[in-house]
1. So is Leu236 within 26 Å of the chain's Cα centre (by Cα) and modelled with pLDDT of 95 or more or not?
2. Out of curiosity, is Pro8 surrounded by fewer than 16 Cβ atoms within 10 Å (Cβ to Cβ), at pLDDT 95 or above and within 16 Å of the ligand (Cβ to nearest atom)?
3. Got a sec? Which of Ser89, Ser68 is in contact (Cβ under 8 Å) with a residue 12 or more places away in the chain and either surrounded by fewer than 22 Cβ atoms within 10 Å (Cβ to Cβ) or in the same structural domain as Glu141 (by TED's automatic domain parsing) (or both)?
4. Go through segment 1-12 and give me each residue that's at negative phi and assigned to a strand (DSSP E or B).
5. Considering segment 193-203 alone, what residues qualify as being modelled with pLDDT of 85 or more and crowded, with 19+ Cβ neighbours inside 10 Å?
6. Among the numbered criteria (1) within 26 Å of Gly296 (Cα to Cα); (2) surrounded by fewer than 19 Cβ atoms within 10 Å (Cβ to Cβ); (3) in contact with a Gly (Cβ under 7 Å, 6 or more places away or on another chain), which one does Gly268 miss?
Amino acid sequence: MVKIFIDPGHGGDDPGAIGNGLREKDLVLDISRRIRRQLNRFNDVEVRMSREDDRFISLSNRATLANSWGADYFISVHVNAAGGTGFESYIWNGNVKSQTRSNQSIMHSEIIAQIGVRDRGRKSANFAVLRRTNMPAILTENLFIDNAAEAAKLKDSDFLEAIAKGHTNGLVSIYNLKGNGTESGTDETNGSDEEGSPPSGEISQIQSTLNDRYALSIAVDNIYGPETQGTLLKGLQTELNKQFNRRLVVDGIWGPNTRGAVVNVRRGARGNITWVLQATLLGKGFSPGSIDGIFGPKTESAVRRFQRAQGIKIDGIAGQETFTALFS
Ligand SMILES: [Zn+2]
């Protein structure tokens, strides 16, 4: 199993470079998710990301996360600024392994091959994430956000997909990755879907979001089965730990600890717990309208319909009893 650690630069209070209505932190998260989605179509590769959403993570923490996981390769994704055009890549300018250089060479040429922009060259610098990581590491600077022509490219989702594809192709070549058969022709290339074109369907959307949000790689098959439900429960456990300082084991199993830790979710709530609730209701056949993380009248109605069908108290509030019925 090859372990690839992807580090979308910046995030949270640190937007990175800004220009032409774009923020580096958003672009690099988008590109990183695309790389992960593409890599998930290959066997024997595991992907983790330093951040799943718009949050700040210190440079040393980014390295620590990769080091403690035992990543095989660290890829920090950035967008350039301050007067220039094109693509460049960096490795640490200290004492690096030969594999660091050969990986850079392959990654660099695969990316250039996909995006066809000015090649600024393979470089080295004393960047913290490159210095502090124990494994081969690369940092890519993908075009210039403050150049109008390049910003226009960065606004094109097909182009972001191509940047990701260059990274993916480099990794496929370095680690000799083999496809797992889910690469079904148009899925990868039609570019019509901002999310990178998963199979259509509401459950597929939920599965893709779960993969993105929690760094997973469950099947995106539009089927609500035990894997999807268990993953939604893991999502709930993760959110309870994060938002309410519970110390649940994130195992996707409904037990007394999770039941005791669950909170009441009602009209007016919004966020990932509401999202998990909506997704689970949909999976059980009680559509809450849109799966948007906002607990409005349609979600309340879905909770009531579910409660009625289950023969439990009908109050439109999802608490211990309702979550138990949804997950056990
Ligand atoms: Zn940057």
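1. yes
2. On the way: surrounded by fewer than 16 Cβ atoms within 10 Å (Cβ to Cβ): no; at pLDDT 95 or above: yes; within 16 Å of the ligand (Cβ to nearest atom): yes.
Spelling it out, it is not the case that Pro8 is surrounded by fewer than 16 Cβ atoms within 10 Å (Cβ to Cβ), at pLDDT 95 or above and within 16 Å of the ligand (Cβ to nearest atom).
3. Numbers: Ser68 fails: in contact (Cβ under 8 Å) with a residue 12 or more places away in the chain.
Going through Ser89, Ser68 in turn, the sole match is Ser89.
4. Val2, Lys3, Ile4, Phe5, Ile6, Asp7, Pro8
5. Restricting attention to segment 193-203, the residues satisfying the condition of being modelled with pLDDT of 85 or more are 202-203.
Scanning segment 193-203 gives a single hit, Ile203.
6. (3)
Quick grid of which residues meet (1) closer than 14 Å to Val265 by Cβ; (2) more than 29 Å from the chain's Cα centre (by Cα); (3) at pLDDT 95 or above:
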residue	(1), (2), (3)
Gln278	yes, no, yes
Gly283	no, no, no
Pro288	yes, no, no
Ile294	yes, no, no
Ala309	no, yes, no
Lys313	no, yes, no
Ile317	yes, yes, yes
Phe323	yes, no, yes
Leu326	yes, no, yes
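So that you can scan it fast, the table gives a plain yes or no per residue for (1) in contact (Cβ under 8 Å) with a residue 40 or more places away in the chain; (2) more than 16 Å from the ligand (Cβ to nearest atom); (3) not in a helix (DSSP H, G or I):
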site: Ile112; (1), (2), (3): yes, yes, no
site: Arg122; (1), (2), (3): no, yes, yes
site: Leu130; (1), (2), (3): yes, no, no
site: Asn134; (1), (2), (3): yes, yes, yes
site: Thr140; (1), (2), (3): yes, no, yes
site: Asp146; (1), (2), (3): yes, no, yes
site: Glu150; (1), (2), (3): yes, no, no
site: Lys153; (1), (2), (3): no, yes, no
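The values are calculated or read from the model by the stated rules, or taken from the named source; none is laboratory data. Given the structure is predicted, the values throughout are model-derived calculations rather than measurements. Note that we place each Cβ from the backbone using ideal geometry, even for glycine, and neighbour counts take in every protein chain shown.
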